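Here's the structure, in structure tokens; my notes come after.
Here, each number is a calculation from the coordinates, and none is a lab measurement. Bear in mind the structure is a predicted one, so any value in this text is a computation, not a measurement. No Cβ is skipped: glycine too gets one built from the backbone with ideal geometry, and neighbour counts run over all protein chains shown.
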Amino acid sequence: MQEADKYLLKIGENIRLKRKEKGYSQQELADNMNVAASTVHRIEKGMFNTTILTLKAIAENLEVDIAELLK
């Protein structure tokens, strides 16, 4: 596994943990962001190298600093 893949997996894991802490399903988060639930799923699984603007939207919807997602 490449280093970039590990980074994407860790970001996805952080998003999933924060989403569950907020009590949101993937569908609820996706609806709040106006994206498909499959997009949230792929990000959380580290299968999608998303944009910084999408990460910003995720952080805002989860009410966390974007740095929390990048740890």
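Working only within region 1-20, note down all residues that are acidic (Asp, Glu) and either surrounded by 11 or more Cβ atoms within 10 Å (Cβ to Cβ) or in contact with a helix residue (DSSP H, G or I) (Cβ under 8 Å, 6 or more places away or on another chain) (or both). Full working, then the answer.
Residues of region 1-20 acidic (Asp, Glu): 3, 5, 13.
Residues satisfying the conditions are ASP5, GLU13.
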What number of residues within region 48-59 are surrounded by 13 or more Cβ atoms within 10 Å (Cβ to Cβ) and over 11 Å from the mean Cα position of the chain (by Cα)?
0
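Which is in contact with a Phe, Trp or Tyr (Cβ under 8 Å, 6 or more places away or on another chain) and among the charged types (D, E, K, R), of ARG42, ARG19?
Values: ARG19 fails: in contact with a Phe, Trp or Tyr (Cβ under 8 Å, 6 or more places away or on another chain).
When all the criteria are applied, what remains is ARG42.
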Please go through region 47-70 and give me each residue that is hydrophobic (A, V, I, L, M, F, W, C), touching a residue at least 40 places away in the same chain (Cβ under 8 Å) and closer than 11 Å to ILE11 by Cα, ordered by number.
PHE48, LEU55, LEU69, LEU70
